[in-house]
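The values are calculated or read from the model by the stated rules, or taken from the named source; none is laboratory data. This one's a predicted model, so the numbers in the text were calculated from it and none came from an experiment. All Cβ positions, even for glycine, are placed from backbone atoms using ideal geometry, and neighbour counts span all protein chains on display. Quick note on the areas: whole protein, heavy atoms, side chains included, nothing else; ligands and nucleic acids left out. Shrake-Rupley method; radii C 1.70, N 1.55, O 1.52, S 1.80 Å.
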Amino acid sequence: MHYLPVDENYTRVSEFVIVGFPSLQPEYFHLVAWFFFFLYLTTVVGNFLLVVVFALERSLQKPMYIIMVSMATVILPKIIARYWWNDGALGFHTCLFQVQMIHYFGALSSLISMFMALDRYLAVCFPLRYPILMTNQTIIGLLVFCWVVAHIFSGISTVNFSIMPFCGSSQIIHAFCDTMSVIPLVCGDPSRQIRDAFTSAMTVLFVPLSFIIFSYICIIITVLRMASRQGRAKTFSTCATQGCIISIYYIPRFIVFSTPYIPNLKMTPDKHIVTTLFYSLLPPLINPFIYCLRTKEIKQILKRWVQRRRDITPTKPAVAVTVTK
């Protein structure tokens, strides 16, 4: 453990150690490492495939698919190295970068989910005006807005982290560095940092969530008015997929951030880590597979690619067999 002198009252920690699950027994370390490595590899391959399909097929370069590809983000948790090679050490600036990226991707996912709901809202409630309102230029502008705003919100946590006075223990009881996991290591009263982090998180969660709820209420009302039963079923199926992804993202995150403020509701460190990993890893893991399997255009393109691959694969020439009597 290394320290940098800050003043005569305390020394600043320059290296942190990711502990991971406090109750996990050593005999399960490699099993957990392989499990997270498999999740990471699957996520990378799935999102890479989605990006490749989008880049090569001009027919998919439409607003909805631009939103889907922009959500193809992956962070490799330090916990894999922690349990595979017993390497949980993180430098201060590395931890600072991880705080920025984790909060950035969290805010970005929330904002993009809001614009996915907007896309569905306009498509269902205003189908005739949808091609005019949701052009590629419009959606790209909205995505750039998301990227900028997400950096602003994550920057609040990063700035708070960078000026916090750390001393004493350097062990982070979590799978990665984020504001809530490093606050217990702060010297003195961290109430202001906790308040700022909570306010920032709730803003980037509840503003998009409020619009998402409003848009889906409007969508449900509009769908129930449809004369075609088949049209209602198709629209509900599409919205149900997005609703599932949104629920996975928002509900566990709300529980994690709200637990400290709800009396008589406590989470053990292990449950806290599992819940955090659930909403951090599951959405980018299942996004490409859900959309590839449930989107008719993408399924047709993948089938066409497989068929084209079979057509160009050379076949072995038949070998004539001569039978001598």
> Scanning the range 154-170 for residues that are crowded, with 16+ Cβ neighbours inside 10 Å and at pLDDT 80 or above, which turns out farthest from the chain's Cα centre (by Cα)?
Replying inline: T158
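Take the residues in the range 95-141 that are hydroxyl-bearing (S, T, Y) and in contact (Cβ under 8 Å) with a residue 24 or more places away in the chain, then tell me which one is nearest to C244 (Cα to Cα).
S113
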> What tally of residues in the range 181-196 results from selecting those that are more than 19 Å from the chain's Cα centre (by Cα) and in a helix (DSSP H, G or I)?
Replying inline: 10
> Among the residues of the range 35-54 satisfying the criterion of being farther than 12 Å from N287 by Cα and touching a residue at least 40 places away in the same chain (Cβ under 8 Å), which is farthest from the chain's Cα centre (by Cα)?
Replying inline: V53
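Of all residues in the range 175-184, which are open to solvent by less than 20 Å² (accessible area, probe 1.4 Å) and hydrophobic (A, V, I, L, M, F, W, C)?
So the first thing to find is which residues in the range 175-184 are open to solvent by less than 20 Å² (accessible area, probe 1.4 Å), and the list is 175-179, 181-183.
Residues satisfying the conditions are A175, F176, C177, V182, I183.
Can P208 be described as out of contact with any helix residue (DSSP H, G or I) (no Cβ under 6 Å at 6 or more places or on another chain) and over 14 Å from Q100 (Cβ atoms)?
Numbers: out of contact with any helix residue (DSSP H, G or I) (no Cβ under 6 Å at 6 or more places or on another chain): no; over 14 Å from Q100 (Cβ atoms): yes.
In short, no.
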>> Please go through (1) open to solvent by 40 Å² or more (accessible area, probe 1.4 Å); (2) modelled with pLDDT under 75; (3) within 23 Å of M114 (Cβ to Cβ) for I251 and return the number of the only condition it doesn't satisfy.
In response: (2)
>> Checking the condition of a type in the set (S, T, Y), surrounded by 14 or more Cβ atoms within 10 Å (Cβ to Cβ), at pLDDT 80 or above and closer than 21 Å to Q100 by Cβ, which residue from T203, T222 passes?
In response: T203
> Can you name the condition, by its number, that I286 falls short on among (1) at pLDDT below 80; (2) of a type in the set (V, I, T); (3) surrounded by fewer than 13 Cβ atoms within 10 Å (Cβ to Cβ)?
Replying inline: (3)
